[in-house]
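What follows is one structure encoded as structure tokens, with my remarks underneath.
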Amino acid sequence: MLSLVAALLMGASPAAAELRMNDLTAVGTHNSYKLAVPPEEMAAMVTARGQAALGVDYAHRPLVEQLDAGARQLEIDVVADPGGALYAKPLTALGHGTILPPSVAAALAKPGFKVLHMPDVDFRSSCPTFVACLTQVKAWSKAHPDHVPILILLNAKDGQASLPGGVTPLPFDERTFDALDAEIRSVFDDGRLITPDQVRGRRATLREAILADGWPSLAASRGKVFFALDEAPAKVALYRGTRTSLEGRAMFVNTDEASPAAAYLTLNDPVGQKDRIAAAVKAGFIVRTRADADTWAARTNDVTQRSAALTSGAQYISTDYLWPDPRFAGGYAVRLTGGDVAICNPVRAADRCDSLAIEAQPGVPPRGYLSPQARPDLTKILAPPPAKGSPRAVADAAIFDQTRALKDSPRWGLATADVDGSMYDHFAQALGVRLTPQAAPVLTALLQRAGEDRSVVSLAKTYWDTKRPYIGKEAAPICEPKSDHLAGNPDYPSGHSVHGEQVAMILAELAPSRAAALYARGRDYAESRYVCGSHTFSATEAGLQAGAVIYAAEHASPIFRRDMDMARAELDAALGTPSR
């Protein structure tokens, strides 16, 4: 059975039903297994190595919690331990060893690949063995069969010991990689695994298949995982051996776009590699990039790299902060907005999903932050429109007549400009900066989703079914064309006014130093509707109230509040204000 979101997506348009597995964007985690280094050990590392040691001062919740939260890319570092017990007695950064939990000690004593970041120093893992990590992912996947394909990146760790007298990791060779593939296949059979051979099909090379045939369909890839070896060319060459295109191998590899084995690329700098990422994604390759690295973005709440990653087109965006670190001001985090887990890729499929997620967290409304039942009933909140002949109706008519004299004035020009266009343009002067979707991708997505909650305006319009003020006054000018669509759309309340007030209040909350100017601009934007003549004064005032009501209702959604927290950093960056 497909999930509700998946079923809605397939019914949204024929284009959505034809999506491939590389037509998505999702968020994942870097070194997903990693647990925190204890403070006293971290302090010793900083003393010995300086501030650079803080690059490992992060941690993740268990893999299952990450998957539940929407992570669809995981990264696992493996070290070879064919005899067992090689990593069973870590020294720690303090040099005097530690007592491991019995279950961890028992797991490390057995032969097989172990999972850790740095032997003896940063070795604590939520799943100490590779098979244990994969078993957790498999169990979660079987319980959630509609999930989009999960990318699992592997780093094959070897090299020098982390400390004098510490363990030197065993080198990887082709036989070691054979054993690594065997552990993957011991957990995931071909029915749950997307492999290079499956994608290559009858083509001579994997690259040829990607460029000519593409990746498997999204529908056929749900409930599956695929692996990529994220290593430098030397290790990739060992893994490939004499194979042209990874024949028989369980993993894809990080390589360049011209390689016969090209299908997946690690391009971790979405700022400097922006053009290459977009070109690779457009060509058909799957790309993973990073929203942050080495803890610095979270420490300073710097969203530059996050914004670049979210708009880059990379299918998988990795972070160390699926949740904020409470130690750092600003609450830096990386998620898709609205509880979405995977969305249409901005480079490959931006217009193919009708604003619906490819996958969303359970219980999240497909559209908006509020379920239809939670959205305010404006017919019970707003005063009804003025009755014919009432003092309010007479006043509305008088205001309409009098404001026709504003035609060709600067205020008329503003009302005309307010009919259409981007809210970023309309609020630029009040905000003090002109935002862009590239610089503020979280806010852009937030405003789009929040707009869905304004659907209650149409219900109220239909309920009261009032006429526009210019109807029956053919000679009276208004500042936009008198189209059939406009005439057929009831007057009360004004949807434009609702929109302006809602946006003003969202921006004012995110940028309190500009709140007064933003509130004033929200009112001006609303009042443009009766200046224009498209709405009555009463409809404008009702729209202002409705916008505030909808904005307030959205605060009942924890996802709305989380998205506001993420968007706040974008406003801080744009305005040059300190993180809050």
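Residue-by-condition table, conditions (1) among the small types (Gly, Ala, Ser); (2) touching a residue at least 24 places away in the same chain (Cβ under 8 Å):
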| position | (1), (2) |
| --- | --- |
| Ala263 | yes, yes |
| Arg276 | no, no |
| Asp302 | no, yes |
| Tyr332 | no, yes |
| Asn345 | no, yes |
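Out of the helices (runs of 4 or more DSSP H) lying entirely within the range 482-579, which hold 2 or more residues that are of a type in the set (Gly, Ala, Ser) and more than 30 Å from Ala405 (Cα to Cα)?
Details: elements: 484-488, 495-510, 515-532, 537-554, 558-575.
Those helices (runs of 4 or more DSSP H) span 537-554, 558-575.
Can you find, within the range 164-192, the residue that is nearest to the chain's Cα centre (by Cα) among those that are over 12 Å from Tyr239 (Cβ atoms) and polar (S, T, N, Q)?
Ser186
If only one of Asp563, Asp524 is over 25 Å from Asp420 (Cα atoms) and either open to solvent by less than 10 Å² (accessible area, probe 1.4 Å) or over 20 Å from the mean Cα position of the chain (by Cα) (or both), which one is it?
On the way: Asp524 fails: over 25 Å from Asp420 (Cα atoms).
Residue meeting the stated conditions: Asp563.
For Arg20, only one of the following conditions fails: (1) modelled with pLDDT of 95 or more; (2) out of contact with any Phe, Trp or Tyr (no Cβ under 8 Å at 6 or more places or on another chain). What is its number?
(2)
Is one or more of the residues making up the range 183-196 at pLDDT 95 or above, part of a loop (DSSP other than H, G, I, E, B), open to solvent by less than 50 Å² (accessible area, probe 1.4 Å) and of a type in the set (Gly, Ala, Ser)?
Among the residues of the range 183-196, not one is at pLDDT 95 or above, part of a loop (DSSP other than H, G, I, E, B), open to solvent by less than 50 Å² (accessible area, probe 1.4 Å) and of a type in the set (Gly, Ala, Ser), which makes the answer no.
Looking only at the range 435-458, count every residue that is outside any helix (DSSP H, G or I) and in contact with a Gly (Cβ under 9 Å, 6 or more places away or on another chain) and tell me the total. Outline the logic, then answer.
Filtering the range 435-458 down to residues outside any helix (DSSP H, G or I) leaves 435-440, 453-454.
The next check asks that each one be in contact with a Gly (Cβ under 9 Å, 6 or more places away or on another chain); those that pass are 453-454.
Residues in the range 435-458 being outside any helix (DSSP H, G or I) and in contact with a Gly (Cβ under 9 Å, 6 or more places away or on another chain): 2 in total.
Quick one: which helices (runs of 4 or more DSSP H) lie wholly within the range 9-105 and hold at least 1 residues that are more than 26 Å from Trp140 (Cα to Cα)?
Values: elements: 14-17, 39-49, 63-69.
Helices (runs of 4 or more DSSP H) meeting the threshold: 14-17, 39-49.
Answer yes or no: is there a residue in the range 79-97 that is open to solvent by less than 50 Å² (accessible area, probe 1.4 Å), at pLDDT 95 or above and touching a Gly at 6+ places or on another chain (Cβ under 6 Å).
Taking every residue of the range 79-97 in turn, at least one turns out to be open to solvent by less than 50 Å² (accessible area, probe 1.4 Å), at pLDDT 95 or above and touching a Gly at 6+ places or on another chain (Cβ under 6 Å).
I need the full set of residues from the range 237-258 which are over 20 Å from Pro149 (Cβ atoms) and within 30 Å of the chain's Cα centre (by Cα), in order please.
Asp256, Glu257, Ala258
Pull up the range 491-514, narrow it to residues that are surrounded by fewer than 20 Cβ atoms within 10 Å (Cβ to Cβ) and not small (Gly, Ala, Ser), then point me to the one that is nearest to Ala546 (Cα to Cα). Before you say what the answer is, go through the steps one by one.
So the first thing to find is which residues in the range 491-514 are surrounded by fewer than 20 Cβ atoms within 10 Å (Cβ to Cβ), and the list is 509, 512-513.
Narrowing the set further to residues that are not small (Gly, Ala, Ser) leaves 509, 512.
Numbers: Glu509: 17, Pro512: 21 Å.
Of everything passing the filter in the range 491-514, Glu509 is nearest to Ala546 (Cα to Cα).
Anything in the range 275-292 that is in contact with a Gly (Cβ under 8 Å, 6 or more places away or on another chain) and open to solvent by less than 10 Å² (accessible area, probe 1.4 Å)? List them, or say none. It would help to see each step written out before you state the result.
Within the range 275-292, the subset in contact with a Gly (Cβ under 8 Å, 6 or more places away or on another chain) is 277-278, 281-282, 284, 287-288.
Within the range 275-292, Ile277, Val281, Gly284, Val287, Arg288 meet the criteria.
Open to solvent by less than 30 Å² (accessible area, probe 1.4 Å), touching a strand residue (DSSP E or B) at 6+ places or on another chain (Cβ under 9 Å), over 30 Å from Arg200 (Cβ atoms) and of a type outside the set (Asp, Glu), is that true of Ala333? So that I can check it myself, show each step before the final result.
Details: open to solvent by less than 30 Å² (accessible area, probe 1.4 Å): yes; touching a strand residue (DSSP E or B) at 6+ places or on another chain (Cβ under 9 Å): yes; over 30 Å from Arg200 (Cβ atoms): yes; of a type outside the set (Asp, Glu): yes.
Yes: the conditions hold for Ala333.
Looking at the range 310-330 only, could you name the residues that are of a type in the set (A, V, I, L, M, F, W, C), touching a strand residue (DSSP E or B) at 6+ places or on another chain (Cβ under 8 Å) and more than 11 Å from Gly28 (Cβ to Cβ)? Give the steps one after another, and end with the answer.
Start the filter on the range 310-330 by keeping residues that are of a type in the set (A, V, I, L, M, F, W, C), which leaves 310, 314, 317, 322-323, 328-329.
Then drop every residue that is not touching a strand residue (DSSP E or B) at 6+ places or on another chain (Cβ under 8 Å), which leaves 310, 314, 317, 322.
Answer for the range 310-330, where residues must be of a type in the set (A, V, I, L, M, F, W, C), touching a strand residue (DSSP E or B) at 6+ places or on another chain (Cβ under 8 Å) and more than 11 Å from Gly28 (Cβ to Cβ): just Leu310.
Going by what's in this entry, would Ser483 be described as open to solvent by 30 Å² or more (accessible area, probe 1.4 Å), of a type outside the set (Lys, Arg) and in contact (Cβ under 8 Å) with a residue 40 or more places away in the chain?
Details: open to solvent by 30 Å² or more (accessible area, probe 1.4 Å): yes; of a type outside the set (Lys, Arg): yes; in contact (Cβ under 8 Å) with a residue 40 or more places away in the chain: no.
When the stated conditions are applied, Ser483 does not pass them.
Determine if the range 465-472 includes at least one residue that is in contact (Cβ under 8 Å) with a residue 24 or more places away in the chain and over 21 Å from Ala415 (Cβ atoms). It would help to see each step written out before you state the result.
Filtering the range 465-472 for residues in contact (Cβ under 8 Å) with a residue 24 or more places away in the chain gives 465-470.
Among the residues that remain, those that are also over 21 Å from Ala415 (Cβ atoms) are: 465.
Yes, the range 465-472 has at least one match.
Quick one: which residue in Leu265, Leu246 is assigned to a strand (DSSP E or B) and touching a helix residue (DSSP H, G or I) at 6+ places or on another chain (Cβ under 6 Å)?
Details: Leu246 fails: assigned to a strand (DSSP E or B).
None of the other options fit; the residue is Leu265.
Here is a yes/no grid of residues against (1) open to solvent by less than 20 Å² (accessible area, probe 1.4 Å); (2) closer than 17 Å to Ala450 by Cα:
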{"position": "Asp294", "(1), (2)": "no, no"}
{"position": "Thr311", "(1), (2)": "no, no"}
{"position": "Ile317", "(1), (2)": "yes, no"}
{"position": "Gly339", "(1), (2)": "yes, yes"}
{"position": "Arg352", "(1), (2)": "no, no"}
{"position": "Pro362", "(1), (2)": "no, no"}
{"position": "Ser371", "(1), (2)": "no, yes"}
{"position": "Ala395", "(1), (2)": "no, no"}
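Any residue at all in the range 158-179 that is under 22 Å from Gln73 (Cβ atoms) and surrounded by fewer than 21 Cβ atoms within 10 Å (Cβ to Cβ)? So that I can check it myself, show each step before the final result.
At the first step, the residues of the range 158-179 found to be under 22 Å from Gln73 (Cβ atoms) are 177.
Narrowing the set further to residues that are surrounded by fewer than 21 Cβ atoms within 10 Å (Cβ to Cβ) leaves none.
No: zero hits.
When the range 197-231 is examined, which residues are found to be part of a helix (DSSP H, G or I), out of contact with any helix residue (DSSP H, G or I) (no Cβ under 7 Å at 6 or more places or on another chain) and over 23 Å from Ile358 (Cβ atoms)?
Asp197, Arg207, Glu208, Ala212
What pairs come out if I take residues in the range 506-532 that are under 30 Å from Ala398 (Cβ atoms) and at pLDDT below 95 and pair them with residues that are assigned to a helix (DSSP H, G or I) and open to solvent by 10 Å² or more (accessible area, probe 1.4 Å) whose C-beta lies under 8 Å away, six or more apart or interchain?
Taking only residues 6 or more apart or on different chains, not a single pair turns up.
Residues of the range 320-330 being open to solvent by less than 50 Å² (accessible area, probe 1.4 Å), out of contact with any Pro (no Cβ under 9 Å at 6 or more places or on another chain) and touching a residue at least 60 places away in the same chain (Cβ under 8 Å), which ones?
The answer is Asp320, Tyr321, Leu322, Asp325.
Would you check which residues across the range 125-182 are part of a loop (DSSP other than H, G, I, E, B), free of Cβ contacts under 8 Å to residues at least 60 places away in the same chain and in contact with a helix residue (DSSP H, G or I) (Cβ under 6 Å, 6 or more places away or on another chain) and list them?
Once the filter is applied, which keeps residues that are part of a loop (DSSP other than H, G, I, E, B), free of Cβ contacts under 8 Å to residues at least 60 places away in the same chain and in contact with a helix residue (DSSP H, G or I) (Cβ under 6 Å, 6 or more places away or on another chain), the range 125-182 yields only Pro128.
The values are calculated or read from the model by the stated rules, or taken from the named source; none is laboratory data. For clarity, every value in this text was computed on a predicted model and none was experimentally measured. When we count neighbours, we look across all protein chains shown, and the Cβ atoms used for this are built from the backbone with ideal geometry, even at glycine. To get the accessible areas, we keep the full protein, side chains included, count just its heavy atoms, and leave off ligands, DNA and RNA. Shrake-Rupley method; radii C 1.70, N 1.55, O 1.52, S 1.80 Å.
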